[in-house]
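The values are calculated or read from the model by the stated rules, or taken from the named source; none is laboratory data. Please read all numbers here as calculations on a predicted model, not as lab measurements. Neighbour counts run over all protein chains shown; Cβ positions are idealised from the backbone, glycine included. Note: accessible area is taken over every heavy atom of the protein model, side chains too, but ligands, DNA and RNA are not part of it. Shrake-Rupley method; radii C 1.70, N 1.55, O 1.52, S 1.80 Å.
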Amino acid sequence: ISGLHIGLVAGFCFFMTGSIWALFPKLTLRIPTVHVASLSAALAGIGYAALAGFALPTQRALAMLLIVLLGVLLGQRLQASRLMAWALLLVLLLDPFSVASAGFWLSFAAVAWILYALRARLMPISAWRAWLWLQLLLACALLPLTVFWFSEGSWLSPFVNLLLIPLFSVLVPIILLATIAASVWP
């Protein structure tokens, strides 16, 4: 389960809760829609991360989500570098020994490269070119860490990721929703 999945679930809950809450004007006067939507997104992100077992990349994604939502509640916009720094601090406070794991370095490095690519405007205009470019960038940028941690790297991984990341982005939420539904309606 990647940060993309947690972000999609949280974003969906934020949008849906905000849309429903906005239908009740008297309630929105008492509690602003953005506050209810942020709380809903936070709970959805925590729940989704719990279903994933709070793996290290999930912790990073959840920390980033919660920091962004806190910024929304406080009316503050964080720079990407500060967001990464706060997420890094939170993950290390929860598990100081995580710094000795491959997942820690690969997760934070991947997000740092993605943010750099977006910030530096390195992405091509069209969506499919951006997806291809991002996969190539990540494959090249993460190769040294991959070789360090696993003593090998694969030239095939960018091509496999092009296929499997979109596939898993569709399948994982469906499987998790089916798991939840099966516990309610066996």
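Before moving on, here are some points about what is shown:
- Qualifying residue in the range 161-174 (condition: farther than 23 Å from Gln59 by Cα and open to solvent by 30 Å² or more (accessible area, probe 1.4 Å)): yes
- Counting the residues of the range 146-172 that are over 22 Å from Trp133 (Cβ atoms) and not in a helix (DSSP H, G or I) gives 2.
- Matching option when the condition is surrounded by fewer than 17 Cβ atoms within 10 Å (Cβ to Cβ), under 16 Å from Gly7 (Cβ atoms), out of contact with any strand residue (DSSP E or B) (no Cβ under 6 Å at 6 or more places or on another chain) and at pLDDT below 90, among Leu122, Leu136, Leu115: Leu115
- Only one of the listed residues (Gly53, Gly47, Gly11) is closer than 27 Å to Gly103 by Cα, at pLDDT below 90 and either among the charged types (D, E, K, R) or surrounded by fewer than 19 Cβ atoms within 10 Å (Cβ to Cβ) (or both). That residue is Gly53.
- Gln79 vs. criteria open to solvent by 70 Å² or more (accessible area, probe 1.4 Å) and polar (S, T, N, Q): yes
- If you go through the range 28-44 and keep only what is more than 28 Å from Val91 (Cα to Cα) and either touching a Gly at 6+ places or on another chain (Cβ under 8 Å) or open to solvent by 70 Å² or more (accessible area, probe 1.4 Å) (or both), you end up with Leu29, Arg30, Ile31, Thr33.
- Boolean, Thr58 is without any contact (Cβ under 8 Å) to a residue 24 or more places away in the chain, among the β-branched types (Val, Ile, Thr) and crowded, with 17+ Cβ neighbours inside 10 Å: no
- Within the range 94-109, residues that are farther than 23 Å from Ala139 by Cα have Cβ atoms under 9 Å from residues that are among the aliphatic types (A, V, I, L, M) and surrounded by 13 or more Cβ atoms within 10 Å (Cβ to Cβ) in these pairs: Leu94/Ala63; Asp95/Leu56, counting only partners at least 6 apart in sequence or on another chain.
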